[in-house]
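Undergrad: Handing you this structure, nothing more for now.
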Amino acid sequence: MISILRTMALTFLHLFHKKETIQYPEEKVPLRPRWRGRIVLTRDPDMGERCVGCYLCAAACPVDCISLQATEDENGRRYPEFFRINFSRCIFCGYCEEACPTYAIQLIPDFEMAEYNRQNLVYEKEDLLINSEGKYPGYNYYKMAGVAVGVKPKGGGSQENPPVNIHRLLP
Amino acid sequence: MADISIDNIPYTVAEGKNLLEVCLSLGIKLPYFCWHPAMGSVGACRQCAVTVFKDVNDTRGRLMMACMEPVRDGLYISVNNASARAFRAQNIEWLMTNHPHDCAICDEGGACHLQDMTVLTGHAYRKYNYPKRTHLNQNLGPLIHHEMNRCIQCYRCVRYYKEYAGGRDLDVFAAHDLVYFGRAHEGNLENEFSGNLTEVCPTGVFTDKTLRQHYTRKWDMTMAPSICPHCSLGCNVIAGERYGSLRQITNRHNPFVNGYFLCDRGRYGYDFSNQPQRIPEPLIDNVVATPEILFNKLSEIVINNKLIGIGSPRASLEANFALRQLVGVENFYQSLSEPETELTKKILAINQSGTIHTPSMADIERTDAVLILGEDPTNSAPRLALSLRQALRNQPLEEAESIRVPSWNDAALREKIQDQSGPLYIAYPRSTKLDDLATHTNHLAPNAIADWAFALAQLLEQPDSPPASLSNQNHADLMAIAQTLKRSKRPLIVSGMSLFNEQILQAAYRIALALNKQDQKTDLALILPESNSTGLALLQAPSIEKAFSRASNESIDGVLVLEQDLYRQFPLEKVDGFLSRIEHLIVIDQIHHGTTSKATIVLPSTTFAESSGTLVNSEGRGQRYYAVFVPGSEAIRPAWSWLNDLRQIKGGLQVEELDQHPDLLSELIELLPEFAGLDRVGPKPGYLIHEQKIPREPHRFSGRTAMSAHLTISEPKPPVDTHSPYGFTMEGYRGLPPAPLAPYYWAPSWNSGQAVNQYQQDFNGELKENFYGFRLFPGPVQTPVSWSAEQPENISNGDIELVPFVHIFGSEWLSSLSPGIASLAPKPYLALSVLEATRYGLEPDIEAKLQIGAKTFTLTVQIHPEMPEGIAGIPYQIMGLTGIEWPSFGKINPETS
Ligand code: SF4
Ligand code: SF4
Ligand code: SF4
Ligand code: SF4
Ligand code: FES
């Protein structure tokens, strides 16, 4: 009996607490930057496509909803020819972002993706690629890698010596 | 057998091996880089360190390189003690100090031995905070991509390229930690086996350039065991597909056939199947036909008409047999000319006769003296030339046995034998790539090769009555050759039909027989042109020329041509004449060509990667290839399936009643005793492991729910494979399948191709379960081979004898359609001796006209000082030089009349 009264009292007290319910969609939800929502493909500081088509996100994805094909430009720079995410399958686990060695694929705080037609949940590269570096500014994978694909010459990286002169035999 | 103890666990292992090999075959994950199962140990990379103890009481032990340590009884070692592990981790860390941050864009990634070994040793963070050394790359041609920064200096590439494959243009430059592996000058790699570098190199320095065009990670490919369709040796390959196109060919280990290596034609020839010339839909009079119209038309033709069928040496046994059963034995021909048919018949008779042993490539590597008559193996059966190179080390190695160095100790043995090579004798009209190893070469015209070989045969048969017609010099040479061949333990004669000369074949056979008498095992390897030449020959069909003459005598309503372009084989007038007498021409093929353009009905067939089938290689080994994927269009079907449908329709069945899964192989075996045992080429249709199929896709296959989502959001049902041990998805048995059935090599911790070491109990030996094909030679009925009397030579006036030079790149049609191979194929040339060139007033690099029959070709002149006079060489069946009947004669720069 006492416990019932106590419960009723507590419930009654809640009338005077701050409301958690918000009037969505008129009122927007405050979301933290690390909130895992809609996936985007970002660009590097030089506004080149960050994704190098390494397939690691696709391999990491537990529901296998990422599919892409890597290709190269005339300098040999790798980028995805197509990049498709089937959001009707995605569980927003963020494994793809974790796997990505270039910070290209990022989950952003946006969940407003509802569609009447499931087919519209299939996003292609045009739908995913944004003109921004996203959450991780400043990183350009091709400046760190050893290849010369039009971003820096061989040996031009900060942690690289100039190319070896192979005719030099001195110790 | 030796009793050893590894980490306190006792094992009994075979003696004579090194410790690394033994550990790997016991499934112990010992990292290594420089050791290779076919190339042995050099102890260069220092990665395979283990601790060897004096005995049970020794607690300190000393670090030894396992690959350099022979197994001996009582050996007491530890792989996992702290000091060995620390040493290996340290070693990797040092190797990685200069390694670029490339994995994401490195084609080796996901199939990288360096990645695997790094993970195995536990190295994860780079402590070395100084700049990395960098290297410039070279353009090594259309097949191999070079990215030198990734090198870890294991020296496998140069050891393979120079020492194993006999290449001269890849080497190591510079010094100490700056060493560079590449060519002296940028340019195409010249060796025909350069593609193996992509598998031999444990890192991403050498990668497959054709794969780059449609790059796919190994874990994303659907793969199945396949057989290379580009020559008669039948090398075992793994073919990989993604998004409906064939992406890559890698080596599949078959200890009897190709071992660990492929040739570049086989590795890079696959791209033909992705070309726009593929036939996508069935055509009636060049218009795409719907299934109903097509089947109505086909039924009408097969039921009401007299049809003949032309079988093909590049179509599977099943397809050829289905055609034979459809048209009837008496109406079944093979698409070879009369001379070719005779030659293949002879080769078959020799192989079936049981009088001489037909060697596998593994056997060839065991021979110790080689005589090559009228063949250029590097071009006509490339992988065999690589085996010959190994065979030629046997005699010097045997002499090196006195120093008691084990056979895997590569560096020591190479040091001992230096550049000594066993006896190799070559008779061919021009110099070949193997000449650099030859004891004696003889550049002769085809008939002269036969005469020379007959003289040798006679010397061997009757040493006391030497042939009369020889000069002294020739006689002395022949005596020396005869002596060496007789002395050798296991001589090998290599010959074939690429010069279209039956007498060379006869002489080769006589020599082999004569040697075989001397209480020594002799091998005779006869090279054929196509992947299923032997299989087709076993069906014993008459040549197509019999069909040509039949068509001119009686009326034939229709012809069914299976996977062959008649215009490539025969002169235009001849084929046109034949086809003009025929009302219905049905052509089944994968790719459009001259004959499909004339066809009333064209039926698209699958490539080797899109269907299953059986091929018989030149050694008589029947081998099975399995469909890697189902082609995107239902209209593309296996040739045998089209033909079997037609056969049932002819038998009165309706389209709905057709049996789609005939057991053609069993029917064939029942009908023709020559094929008995062929059902043992692979497991029975219902084969399962623990009630499960073997998956064609690795367990990390990605994109399943997205790859077709743009077409429809619901994933389609995957195709079901009811008659092979394989499933089309990643579901199924997850353990290691028996090695010969492995659709790809993967084992826990081993993602690269080196995972093959986890499939083997015994490197280079018999493996866990035997499905390595089934040998049909010698045949069940062994009849002695008889030869007709000498054929008259039919040189017509003013004509020069033409010699066909087979080329690894360009002479085989399917591979020549792959862009990489096509760019390496020779341009049409006319090869002449100095004397002939002067006679015709020709100089190198100018253009000359060559008239063959009614057709005139324009060719670039090449002068070959070593060639004999009286002949002119042209490349065999390359683009722009087809429609020539062999043997052939021609007029150089004919007077225009
Ligand atoms: S968030 Fe998870 S489920 Fe969604 S694409 Fe990334 S890895 Fe796949
Ligand atoms: S992991 Fe990153 S770089 Fe690699 S394919 Fe995915 S998005 Fe592109
Ligand atoms: S060679 Fe291996 S470890 Fe090196 S970048 Fe390539 S994939 Fe990575
Ligand atoms: S290029 Fe490859 S095979 Fe050659 S030394 Fe370097 S890592 Fe070894
Ligand atoms: S594998 Fe033993 S030292 Fe390289």
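The values are calculated or read from the model by the stated rules, or taken from the named source; none is laboratory data. Being a predicted model, the structure only gives us computed values, none of them experimental. Note that we place each Cβ from the backbone using ideal geometry, even for glycine, and neighbour counts take in every protein chain shown. These accessible areas exclude ligands, DNA and RNA; they are computed on the full protein's heavy atoms, side chains included. Shrake-Rupley method; radii C 1.70, N 1.55, O 1.52, S 1.80 Å.
Undergrad: Within the stretch B:118-142, can you find the residues that are more than 16 Å from ligand 3 (Cβ to nearest atom) and open to solvent by less than 10 Å² (accessible area, probe 1.4 Å)?
TA: Answer for the stretch B:118-142, where residues must be more than 16 Å from ligand 3 (Cβ to nearest atom) and open to solvent by less than 10 Å² (accessible area, probe 1.4 Å): B:L140, B:G141.
Undergrad: Right, something else. Just to be sure before I move on: is B:Q90 of a type outside the set (G, A, S), assigned to a helix (DSSP H, G or I) and within 14 Å of another protein chain (Cβ to nearest Cβ) in the structure I sent?
TA: No: the conditions fail for B:Q90.
Undergrad: Now, a different point. For B:Q153, all conditions in the list (1) open to solvent by less than 10 Å² (accessible area, probe 1.4 Å); (2) part of a loop (DSSP other than H, G, I, E, B); (3) within 16 Å of ligand 3 (Cβ to nearest atom) hold save one; what is the number of the exception?
TA: With respect to (1) open to solvent by less than 10 Å² (accessible area, probe 1.4 Å); (2) part of a loop (DSSP other than H, G, I, E, B); (3) within 16 Å of ligand 3 (Cβ to nearest atom), B:Q153 is out only on (1).
Undergrad: Right, here's the next one. Which of the residues that make up the stretch A:93-120 are in contact (Cβ under 8 Å) with a residue 24 or more places away in the chain and either in a helix (DSSP H, G or I) or within 16 Å of ligand 4 (Cβ to nearest atom) (or both)?
TA: Correct list: A:Y95, A:C96, A:E97, A:E98, A:A99, A:R118.
Undergrad: Which numbered condition in (1) in contact (Cβ under 8 Å) with a residue 12 or more places away in the chain; (2) within 15 Å of ligand 4 (Cβ to nearest atom); (3) over 28 Å from B:L736 (Cα atoms) is the only one that B:W94 fails?
TA: Single failed check for B:W94: (1).
Undergrad: Moving on. Run down B:F173, B:F206, B:F193, B:F181 and say which single residue is surrounded by 24 or more Cβ atoms within 10 Å (Cβ to Cβ), within 14 Å of chain A (Cβ to nearest Cβ) and farther than 25 Å from B:G682 by Cβ.
TA: So the residue among B:F173, B:F206, B:F193, B:F181 that is surrounded by 24 or more Cβ atoms within 10 Å (Cβ to Cβ), within 14 Å of chain A (Cβ to nearest Cβ) and farther than 25 Å from B:G682 by Cβ is B:F181.
Undergrad: With the checklist (1) within 22 Å of B:R168 (Cα to Cα); (2) open to solvent by less than 10 Å² (accessible area, probe 1.4 Å); (3) not basic (K, R) in hand, flag the one item B:D410 doesn't pass.
TA: Unmet condition: (2).
Undergrad: For residues that are among the aliphatic types (A, V, I, L, M), away from ligand 5 (no atom under 14 Å from the Cβ) and either closer than 19 Å to A:A145 by Cα or in contact with a His (Cβ under 8 Å, 6 or more places away or on another chain) (or both), tally how many sit in the stretch B:57-110.
TA: 4
Undergrad: For the stretch B:136-149, which residues satisfy the criterion of being in contact with a Leu (Cβ under 8 Å, 6 or more places away or on another chain) and either within 11 Å of chain A (Cβ to nearest Cβ) or at pLDDT below 95 (or both)?
TA: If the condition is that a residue be in contact with a Leu (Cβ under 8 Å, 6 or more places away or on another chain) and either within 11 Å of chain A (Cβ to nearest Cβ) or at pLDDT below 95 (or both), then B:M148 is the only one that fits.
Undergrad: Which one is nearest to the chain's Cα centre (by Cα) among residues in the stretch B:204-214 that are within 13 Å of B:G110 (Cβ to Cβ) and within 13 Å of ligand 3 (Cβ to nearest atom)?
TA: Checked the stretch B:204-214; the qualifying residue nearest to the chain's Cα centre (by Cα) is B:T207.
Undergrad: Inspect the stretch B:131-154 for any residue being in contact with a Cys (Cβ under 6 Å, 6 or more places away or on another chain) and within 13 Å of ligand 4 (Cβ to nearest atom) and give the result as yes or no.
TA: Within the stretch B:131-154, one or more residues are in contact with a Cys (Cβ under 6 Å, 6 or more places away or on another chain) and within 13 Å of ligand 4 (Cβ to nearest atom).
Undergrad: Related question: Looking only at the stretch B:97-117, how many residues end up being free of Cβ contacts under 8 Å to residues at least 40 places away in the same chain, open to solvent by 40 Å² or more (accessible area, probe 1.4 Å) and not in a loop (DSSP other than H, G, I, E, B)?
TA: Summing the residues that are free of Cβ contacts under 8 Å to residues at least 40 places away in the same chain, open to solvent by 40 Å² or more (accessible area, probe 1.4 Å) and not in a loop (DSSP other than H, G, I, E, B) in the stretch B:97-117 gives 1.
Undergrad: Checking the condition in a helix (DSSP H, G or I), polar (S, T, N, Q) and farther than 15 Å from B:L603 by Cβ, which residue from B:S666, B:S641 passes?
TA: After ruling out the rest, the residue left standing is B:S666.
Undergrad: Next up: Name the helices (runs of 4 or more DSSP H) wholly inside the stretch B:518-577 in which the number of residues that are within 25 Å of B:T600 (Cβ to Cβ) and open to solvent by 20 Å² or more (accessible area, probe 1.4 Å) is 2 or more.
TA: B:544-553, B:566-569
Undergrad: Do you know which residues across the stretch A:57-77 are at the interface with chain B (Cβ under 7 Å from one of its Cβ atoms) and crowded, with 24+ Cβ neighbours inside 10 Å?
TA: If the condition is that a residue be at the interface with chain B (Cβ under 7 Å from one of its Cβ atoms) and crowded, with 24+ Cβ neighbours inside 10 Å, then A:A58, A:C61, A:C65, A:I66, A:S67 are the ones that fit.
Undergrad: How many residues does the stretch B:100-123 contain that are in contact with a Gly (Cβ under 9 Å, 6 or more places away or on another chain) and either within 14 Å of chain A (Cβ to nearest Cβ) or over 15 Å from B:P202 (Cα atoms) (or both)?
TA: Counting residues in the stretch B:100-123 that are in contact with a Gly (Cβ under 9 Å, 6 or more places away or on another chain) and either within 14 Å of chain A (Cβ to nearest Cβ) or over 15 Å from B:P202 (Cα atoms) (or both) gives 14.
Undergrad: Could you list, in sequence order, all residues of the stretch B:198-216 that are within 16 Å of ligand 5 (Cβ to nearest atom) and either farther than 22 Å from B:D116 by Cβ or of a type outside the set (V, I, T) (or both)?
TA: Within the stretch B:198-216, B:C201, B:P202 meet the criteria.
Undergrad: Of all residues in the stretch A:82-101, which are surrounded by fewer than 20 Cβ atoms within 10 Å (Cβ to Cβ) and within 16 Å of ligand 3 (Cβ to nearest atom)?
TA: A:A99, A:P101
Quick grid of which residues meet (1) at pLDDT below 95; (2) assigned to a loop (DSSP other than H, G, I, E, B); (3) under 26 Å from B:C235 (Cα atoms):
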site	(1), (2), (3)
B:Y687	yes, yes, yes
B:A706	no, yes, no
B:S714	yes, yes, no
B:K717	yes, yes, no
B:S724	yes, yes, yes
B:E731	yes, yes, no
B:L736	yes, yes, yes
B:Y745	no, yes, yes
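Undergrad: Could you tell me which residue of the stretch B:648-667 is modelled with the lowest pLDDT, considering only residues that are more than 19 Å from B:Y626 (Cα to Cα) and surrounded by 14 or more Cβ atoms within 10 Å (Cβ to Cβ)?
TA: So the residue we want is B:V655.
Undergrad: Another question, then. Among what's in the stretch A:125-171 and is open to solvent by 90 Å² or more (accessible area, probe 1.4 Å) and part of a helix (DSSP H, G or I), pick the residue that is farthest from the other protein chains (Cβ to nearest Cβ).
TA: That would be A:E126.
Undergrad: Now, a different point. With respect to the numbered conditions (1) within 21 Å of B:P529 (Cβ to Cβ); (2) open to solvent by less than 10 Å² (accessible area, probe 1.4 Å), which one is the sole condition not fulfilled by B:R324?
TA: (2)
Undergrad: Of these, B:S549, B:S555, B:S543, B:S531, which one is in contact with a His (Cβ under 7 Å, 6 or more places away or on another chain) and polar (S, T, N, Q)?
TA: The match here is B:S531.
Undergrad: Follow-up question, since we're still on this one. For the stretch B:57-76, how many residues are more than 16 Å from ligand 4 (Cβ to nearest atom) and touching a Leu at 6+ places or on another chain (Cβ under 7 Å)?
TA: 3
Undergrad: Restricting to the stretch B:141-176, what's the tally of residues that are among the aliphatic types (A, V, I, L, M) and free of Cβ contacts under 8 Å to residues at least 60 places away in the same chain?
TA: 6
Undergrad: Select, from A:E49, A:E81, A:E97, the only residue that is modelled with pLDDT of 95 or more, within 12 Å of ligand 2 (Cβ to nearest atom) and more than 14 Å from every other protein chain (Cβ to nearest Cβ).
TA: Among A:E49, A:E81, A:E97, only A:E97 is modelled with pLDDT of 95 or more, within 12 Å of ligand 2 (Cβ to nearest atom) and more than 14 Å from every other protein chain (Cβ to nearest Cβ).
Undergrad: Quick check: is even one residue across the stretch A:15-33 more than 16 Å from ligand 3 (Cβ to nearest atom), over 18 Å from the mean Cα position of the chain (by Cα), hydrophobic (A, V, I, L, M, F, W, C) and open to solvent by 90 Å² or more (accessible area, probe 1.4 Å)?
TA: Yes - at least one qualifying residue is present in the stretch A:15-33.
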